[in-house]
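Below is one structure; the comments refer to it alone.
The values are calculated or read from the model by the stated rules, or taken from the named source; none is laboratory data. Please read these numbers as outputs of a predicted model, since none were measured by experiment. Methodologically, a virtual Cβ is constructed for each residue, glycine included, from the backbone with ideal geometry; neighbour enumeration extends over all protein chains shown.
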Amino acid sequence: MTFADPLLLAVGLVVAAALAWATVAATRRRAAALAAAGVAPAGGPGRRRRRGWPHGGLLGAWLSIAGVGVLAVAVAGPAASVPVSHASGTVILAMDVSGSMAATDVTPDRLSAAKQAAVSFINAQPASVDIGVVAFQRGGLEAAAPTADHATAAAAVRRLAAGGGTSLGDAILAALSAITHNTVSVGPDGSAPSIGYWPSATIVLFSDGQDESGGTGTGGGTGGGAGTDATAAAAAAVAEKAGVHVDTVGVGTVAGTTVDVDGYRLFTALDPATLQSISQATGGTYHPASDASELDGIASSIDLRLTVTNEPLPLAGAFIALALVLLAAGAMLTVRRTGRVI
């Protein structure tokens, strides 16, 4: 237990101790006077003690003194430190804005449905959660740094537009860079770098799972001829090593549809296997969805990490209530016994 003003506690306890000393002294003087007069004190030899009123009616006085002591504790501002669990930390929304997200197998289209779900997710989070947004095509592009200002994150999501290719691995690395505030990359041999441990961070990846980063290689990919894209498996290994969960939200249908991308008409379909492998590798969860309403419900129910922090619990009210009870009981006993309040 801690006190906001220990000095008030000390003064109050000194007053209570002084009252206790005065009560003891007065009792001894009264007993001595009665003995000198040859009168036995109440409850003494030759006189039966009244049931329920021990010590010659002093119980009321001692209850009142106890009330003063408890009141001294109350005015000092006591507080107890109690553990409180709540969602906190950092969440990065990794939004797929590749050309395939313009497909209309989800109404009105995949990207619009994902944006609606992401905004709903943002609005459902407490102020203790910092939210950032990463838009990814070929390579991640940070759209909004993690912040407690959720309106900024929501505005960044609403600005997104579809176009380009997809690299899920680079998206995860861009999200990790936003979490750590340092550029995160995979080594040439595909080894996972050490970026520290971030157990309170979560990445929520909205995508149809279409990955053009080069498939199953451990180093660079072949998509777009760049040869530098990180594979999803290599990036997921970095996240897993750092203790960051990646929850994936599948946007689209397995049946798929065609979409116009850069003048070409291409077939695109949801790839749940890729998204499942990412979430499983990092201890996250895959959330499948086939329409906008289902996406909205999934995004709002994603479980974030619960952290436990010690928060002060004010106890002044409880001590004041106890002090009033003691003072009232003491006054009633004194009045009933002596006919006087003091």
Completion exercise
Picking from Ala154, Ala144, Ala118, the residue that is in contact with a helix residue (DSSP H, G or I) (Cβ under 8 Å, 6 or more places away or on another chain), buried (at least 16 other Cβ atoms within 10 Å of the Cβ), of a type in the set (A, V, I, L, M, F, W, C) and not in a helix (DSSP H, G or I) would be Ala144
Handout entry: Cβ pairs under 9 Å, 6+ apart, first in the range 248-262 and charged (D, E, K, R), second at pLDDT 90 or above
Key = Asp260/Ala102
Practice task
Would you mind stating whether Gly187 is surrounded by fewer than 17 Cβ atoms within 10 Å (Cβ to Cβ), within 23 Å of Leu270 (Cβ to Cβ) and in the same structural domain as Ala281 (by TED's automatic domain parsing)?
Solution key: no
Practice task
State yes or no: is Ile131 of a type in the set (Val, Ile, Thr), part of a helix (DSSP H, G or I) and within 20 Å of Val246 (Cα to Cα)?
Solution key: no
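Restricting attention to the range 178-185, does a residue exist that is among the small types (Gly, Ala, Ser) and either more than 27 Å from the chain's Cα centre (by Cα) or modelled with pLDDT of 90 or more (or both)? Can you show your working first?
At the first step, the residues of the range 178-185 found to be among the small types (Gly, Ala, Ser) are 178, 185.
When the remaining residues are screened for being either more than 27 Å from the chain's Cα centre (by Cα) or modelled with pLDDT of 90 or more (or both), the result is 178, 185.
Taking every residue of the range 178-185 in turn, at least one turns out to be among the small types (Gly, Ala, Ser) and either more than 27 Å from the chain's Cα centre (by Cα) or modelled with pLDDT of 90 or more (or both).
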Completion exercise
Those residues of the range 312-342 which are modelled with pLDDT under 75 and on the phi < 0 side of the Ramachandran plot amount to Arg337, Thr338, Arg340, Val341, Ile342
Problem - Residue satisfying condition, being acidic (Asp, Glu) and in contact with a Ser or Thr (Cβ under 6 Å, 6 or more places away or on another chain), within set Asp96, Asp109 - result: Asp96
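Yes/no matrix, rows are residues, columns are (1) closer than 30 Å to Val251 by Cα; (2) in the same structural domain as Thr253 (by TED's automatic domain parsing); (3) at pLDDT below 80; (4) aromatic (Phe, Trp, Tyr):
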| position | (1), (2), (3), (4) |
| --- | --- |
| Ala42 | no, no, yes, no |
| Gly57 | no, no, yes, no |
| Ala72 | no, no, no, no |
| Leu93 | yes, yes, no, no |
| Asp96 | yes, yes, no, no |
| Met101 | yes, yes, no, no |
| Thr107 | yes, yes, no, no |
Handout entry: Close pairs (6 angstrom Cβ cut-off, 6 or more residues apart or separate chains): closer than 10 Å to Ala234 by Cβ in the range 183-198, at pLDDT below 85 and of a type outside the set (S, T, N, Q) anywhere
Key = Val186/Ala230; Gly190/Gly219
